[in-house]
Structure formats: structure tokens, C-alpha cells
Amino acid sequence: MNTFLELVKSRQSDRAYDPSRPVEQEKLDYLLEAARLAPSACNAQPWKFIVVTDPELRQKAAEAVADKTLGMNHFTLQAPVLLVMVEESANFTSSLGGIVKQKHFPHIDLGVAVAHLTLAAAEQGLGSCIVGWFNEKKMRKLLNIPSSKRPVLVITLGYSTQKLREKKRKAIEEVVSKNGY
Ligand SMILES: Cc1cc2nc3c(=O)[nH]c(=O)nc-3n(C[C@H](O)[C@H](O)[C@H](O)COP(=O)(O)O)c2cc1C
């Protein structure tokens, strides 16, 4: 992998992992450092990352993600690591700016941090999947997250057993225009 674009293409949502291969602590530290260094509105850093590796807790956390009714996100039960991103309060300037400009900056900030994290995972040879569909209430209770805070994203991590797929994306002309909308 030589270029940033190659790294970007190598990151995909991996939904199957080798259960016998745990993720090394140094690699986890590396990803978390990449996320910690992400930019945020007014440098508020409105995030906390909960790393769930304990097998029993991880199983319960994955059960809060897997949706039996819709048959969604069952792959999370197999992931060696679950990382829960909690939205923390923004600082005064980010909150005020958000009110004035009608933008919820913390969600954007979390999105940037998760991009850092998942790209760093790809660079380290790890598979990941960003998961937004889960039972927040169950997750909050399980991980003792205060009721005033929201777990916004869950990221699965592990050694992927899936092949690299071609990206399905809108054509460049559809998403880029020059000198006007
Ligand atoms: C905010 C967000 C929420 C997502 N939630 C889920 C989810 O709940 N379950 C899932 O399997 N994938 C989820 N994904 C993964 C997307 O489906 C995936 O990124 C998209 O289809 C593009 O595919 P790729 O990541 O393989 O390039 C989510 C991605 C993002 C950015």
C-alpha cells in the first residue's frame, strides 16, 4: 500500500472475522491514537471510546447490536473487538457555534474520528465495520454510560475473512461540480 487512495480502497465494511485471531493491544492503541488526533469543531473532542474485549461483556454488547427482528448486524457477535463511540458534551464555543449555525458539530466530529480509526485499522491489516444500528438503551446500561450521554456508533474490529470488494459509489460527475452547484 503506497498511496492514501490505496489505503482508502482497502478499507471496507468487514462483516466476518477470524474468531481465533485476537487483535493485538499495540494495534488497538495505534487506532485509538489515530482517532484521538482527529480534528473537531473548536477542538472540542466530544468523544469517548469504550473498548470491549472481555468475552462475556463483548457477547452482551454484540447482543445489543444484533437485531433479531430485522435480522441485522448478527456478524457483530463474531467480532473479536467492539468499540463503542460515545458522544461527549462539546465545549462552549462548539456548542454556541452549533446553535448559531444550526449544525450538530459533535456528530460530524465523531464521523471524522471514526474515519481516522477505520483507515488506521485498514493500514494495520485489520477489518472493521462502522455500525449505527443498535440498541442504545441496552448498550448504555451494559457499559454504565451515564444517561446524559449517547453511544452513537459501534465499530467492530478483527482480522477479516472477507475478500476485498470493488467500491460501489456514485460517479464522480454526480458528486462533484465546478464553480457552482
Ligand atoms: C454512520 C454509519 C452507520 C453504519 N451502520 C451500519 C450498520 O448498522 N450495519 C452494517 O452492516 N453496516 C453499517 N454501516 C456500513 C455501511 O453500510 C458501509 O460503509 C457502506 O455500505 C459502504 O460500504 P464499504 O464500507 O464496504 O465501503 C454504516 C456506515 C456508517 C458510515
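The values are calculated or read from the model by the stated rules, or taken from the named source; none is laboratory data. The structure displayed is predicted, hence computed values, not measured ones. Please note: Cβ atoms are built from the backbone with ideal geometry, for glycine as well, and neighbour counts cover all protein chains shown. These accessible areas exclude ligands, DNA and RNA; they are computed on the full protein's heavy atoms, side chains included. Shrake-Rupley method; radii C 1.70, N 1.55, O 1.52, S 1.80 Å.
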Practice task
Let me know the number of lysine pairs in the stretch 5-139 closer than 21 Å at the Cα, not counting same-chain pairs under 8 apart.
Solution key: 11
Fill in the blank from the handout: From highest to lowest solvent-accessible area (probe 1.4 Å; ligands, DNA and RNA excluded), Ser13, Ser147, Ser94, Ser177 read Ser147, Ser177, Ser13, Ser94
Exercise for the section: Specify the residue with the greatest mean-square fluctuation among Gln59, Gln78, Gln25, computed from a Gaussian network of the chain linking alpha-carbon atoms under 10 Å apart. Expected result: Gln25
Completion exercise
Computed for the stretch 125-170: size of charge dipole around the Cα centre, +1 on C-beta of each Lys and Arg, -1 on C-beta of each Asp and Glu, debye to nearest 20, value 220 debye
Fill in the blank from the handout: Among Val23, Met85, Val65, the residue whose Cα sits farthest towards the positive end of the charge dipole of the chain, when +1 is placed on the Cβ of each Lys and Arg and -1 on the Cβ of each Asp and Glu, is Val65
Exercise for the section: For the stretch 51-140, compute Rh as the Kirkwood radius over C-alpha pairs and then the Stokes-Einstein diffusion coefficient at 20 °C and 1.002 mPa s; write the answer in µm²/s, rounded to an integer. Expected result: 144 µm²/s
Fill in the blank from the handout: Honestly the stretch 1-45 on the Cα gyration tensor test (a ≥ b ≥ c root eigenvalues; a/c under 1.5 rounded, otherwise a/b vs b/c for prolate or oblate) is just oblate
Completion exercise
Which residues qualify? For Asn135, with a placed amide H closer than 5 Å and at least 5 residues away or on another chain, they are Val65
Problem - Spatial extent of the stretch 89-145: Rg and Dmax, with the Cα atoms as the point set, Å - result: 14.9, 42
Fill in the blank from the handout: Residues whose modelled amide H sits under 5 Å from the amide H of Met72, counting only those 5 or more places away in sequence or on another chain, are Asp67
Fill in the blank from the handout: In terms of the alpha carbon gyration tensor, root eigenvalues a ≥ b ≥ c, rounded if a/c is under 1.5 and otherwise prolate when a/b exceeds b/c or oblate, the stretch 11-96 is prolate
Completion exercise
Rounded to whole angstroms and listed largest first, the alpha-carbon spread of the stretch 24-181 along its three principal axes comes to 50, 40, 37
Completion exercise
In a Gaussian network model of the chain with springs linking alpha carbons closer than 10 Å, the residue among Leu117, Leu70, Leu28 that fluctuates most is Leu70
Problem - Whole-Hz ³J(HN,Hα) from phi, Karplus 6.51 cos²θ - 1.76 cosθ + 1.60, for the stretch 67-75, glycine and proline x - result: 9, 5, 4, 8, x, 10, 6, 5, 4
Fill in the blank from the handout: With -39,500 (n - 2.57) per DSSP H segment of 4 or more residues and division by the full residue count of the chain, the 222 nm estimate, nearest 500 deg cm²/dmol, is -11000 deg cm²/dmol
Handout entry: Charge dipole (debye, nearest 20) of the stretch 1-132; +1 at Cβ of Lys and Arg, -1 at Cβ of Asp and Glu
Key = 380 debye
Fill in the blank from the handout: Length gained if Ile99 through Ser147 is fully extended, taking 0.36 nm per residue and subtracting the Cα-Cα distance, is 15.0 nm
